[in-house]
Amino acid sequence: MLSTNLTLTTPQAEAVLSRWLGSGVRCSRIEPLQGGMINTALRLTFDQTPFTAVIKLNMDQDSPVLQSERLRLDYLKASTQLPIPRVYQYAAADPSLPYSYLLLETIPGVNMIQASLSPEDQATIGRELADVLIDLHGHTRTTFGRIHEPGIPSWADVFVPELTAMRRHVEDKLSDAVLNDIDASLKAAGDILKDQGPPTLTHGDIWAGNIMVDRRGDEWHLTGLVDPSGAKFTDVEFELAYLQVFNTVGSPFFDRYTARFPLRPGYELRRLFYWLNTYMIHVWLFEDRDYGDRTAEVTASILLYTR
């Protein structure tokens with residue numbers, strides 16, 4: 001369930017901060033943050049070190065979404081150099097606050113949606129992001145799947161069931177013709193995705209709203225990534241395709257990245273299945289007509305390749 005319009009009063013914020021810091025806290029500002037599409041995110045400013053924190057609110061009494069994010073953040077912070085926020089506290093709803101919440105370190109700056117970036121700034125950030133992901137994608141194991149689960153050796157056996165489940169979620173939101181094309185695409189997916197790379201640790205949700213940047217003098221630079229809600233071991237192409245589906249990165253990123261990790265032959269076809277997944281998620285969660293049209297277009301492209 002989406003929780004993007006929740007509110008927090010000053011007394012509630014002070015109660016959360018006091019619980020965490022163990023002493024009375026005066027909160028001077030509660031600022032909504034842009035970019036969140038599932039939970040409400042707010043920046044809190046207060047009178048004790050570290051003076052700011054981000055709180056994510058979910059209307060569930062004990063949110064599995066936020067608990068999962070906490071586990072992923074803790075794992076990534078302990079196991080990698082990925083510039084992500086430190087988890088301060090998670091708590092379920094109680095009489096003082098009717099929402100579950102995750103309290104996080106503040107990453108300096110704003111997200112890329114909010115920044116006015118020149119082409120040169122975008123190129124700089126793209127290269128910096130490539131360096132960050134080259135390091136992250138150096139973490140591999142022998143199985144695909146969630147970071148705290150044993151996983152399985154076949155990427156198709158992980159991803160194709162996810163595609164199939166998403167097809168069920170959009171069944172009443174798309175035309176029969178598009179659903180038929182999805183079904184035909186799913187029949188081809190298993191064989192095409194058998195051409196897999198090694199199980200690679202990925203962030204899973206890198207788009208402009210989750211990329212934090214800050215201005216230093218006349219230049220913008222990457223400061224961190226937030227909301228690794230999809231962090232798991234995947235075929236790395238899953239992450240690369242997601243970076244392209246919203247045009248988040250361009251050639252400066254790929255030139256730097258592929259100098260270390262070249263793309264495998266056939267990526268352009270496999271990428272279409274990852275785009276299909278993203279489009280169906282947006283149709284399901286947001287009932288966005290534009291993503292319905294994109295779903296139709298990407299399935300048509302898949303069928304051109306596979307028939």
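Numerical summary
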quantity: Strands (runs of 3 or more DSSP E) wholly inside segment 16-120 containing at least 2 residues that are in contact with a strand residue (DSSP E or B) (Cβ under 8 Å, 6 or more places away or on another chain) and over 30 Å from residue 249 (Cβ atoms); calculated: 27-32, 40-46, 87-91, 100-104
quantity: Conditions (1) surrounded by fewer than 17 Cβ atoms within 10 Å (Cβ to Cβ); (2) at pLDDT below 95; number of the one not met by residue 63; calculated: (1)
quantity: Positions within segment 237-272 being within 16 Å of residue 131 (Cβ to Cβ), more than 14 Å from the chain's Cα centre (by Cα) and of a type in the set (A, V, I, L, M), in sequence order; calculated: 249, 259
quantity: Only listed residue being within 18 Å of residue 210 (Cα to Cα), among the aliphatic types (A, V, I, L, M), in contact with a helix residue (DSSP H, G or I) (Cβ under 8 Å, 6 or more places away or on another chain) and modelled with pLDDT of 95 or more, chosen from 38, 55; calculated: 55
quantity: Residues within segment 163-192 that are touching a Phe, Trp or Tyr at 6+ places or on another chain (Cβ under 8 Å), surrounded by 15 or more Cβ atoms within 10 Å (Cβ to Cβ) and of a type outside the set (A, V, I, L, M, F, W, C), tallied; calculated: 2
quantity: Number of the condition not met by residue 86 [criteria: (1) of a type in the set (D, E, K, R); (2) outside the structural domain of residue 219 (by TED's automatic domain parsing); (3) buried (at least 17 other Cβ atoms within 10 Å of the Cβ)]; calculated: (3)
quantity: Any hit, segment 264-271, residues being over 21 Å from residue 120 (Cβ atoms), aromatic (Phe, Trp, Tyr) and part of a helix (DSSP H, G or I); calculated: yes
quantity: Filtered residue count, segment 52-89, keeping only those that are farther than 24 Å from residue 133 by Cα and not hydrophobic (A, V, I, L, M, F, W, C); calculated: 11
quantity: Hits in segment 66-113 - residues which are within 21 Å of residue 12 (Cβ to Cβ) and of a type in the set (Asp, Glu); calculated: 69, 94, 105
quantity: Set 237, 297: member being closer than 25 Å to residue 139 by Cβ and of a type in the set (Asp, Glu); calculated: 237
quantity: Candidate set from segment 124-162 (those that are over 30 Å from residue 32 (Cβ atoms) and among the small types (Gly, Ala, Ser)); member that is surrounded by the fewest Cβ atoms within 10 Å (Cβ to Cβ); calculated: 138
quantity: Search result, residues across segment 280-291 that are in contact with a helix residue (DSSP H, G or I) (Cβ under 7 Å, 6 or more places away or on another chain), in a helix (DSSP H, G or I) and over 13 Å from residue 179 (Cα atoms); calculated: 281, 282, 284, 291
quantity: Filter result for the condition that a residue is under 30 Å from residue 296 (Cα atoms) and hydrophobic (A, V, I, L, M, F, W, C), over 222, 193, 129, 136; calculated: 193
quantity: Qualifying positions in segment 121-156 - assigned to a loop (DSSP other than H, G, I, E, B) and either outside the structural domain of residue 212 (by TED's automatic domain parsing) or of a type in the set (A, V, I, L, M) (or both); calculated: 147
quantity: Test: residue 7 is touching a Ser or Thr at 6+ places or on another chain (Cβ under 9 Å) and more than 22 Å from residue 230 (Cα to Cα); calculated: yes
quantity: Any hit, segment 270-288, residues being among the aliphatic types (A, V, I, L, M), closer than 22 Å to residue 168 by Cα and surrounded by fewer than 17 Cβ atoms within 10 Å (Cβ to Cβ); calculated: yes
quantity: Test result for residue 71, touching a helix residue (DSSP H, G or I) at 6+ places or on another chain (Cβ under 6 Å), aliphatic (A, V, I, L, M) and not assigned by TED's automatic domain parsing to the domain that holds residue 147; calculated: no
quantity: Verdict on residue 279 being hydroxyl-bearing (Ser, Thr, Tyr) and more than 19 Å from residue 162 (Cα to Cα); calculated: no
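The values are calculated or read from the model by the stated rules, or taken from the named source; none is laboratory data. All values reported here derive from a predicted model rather than from experimental measurement. Note that we place each Cβ from the backbone using ideal geometry, even for glycine, and neighbour counts take in every protein chain shown.
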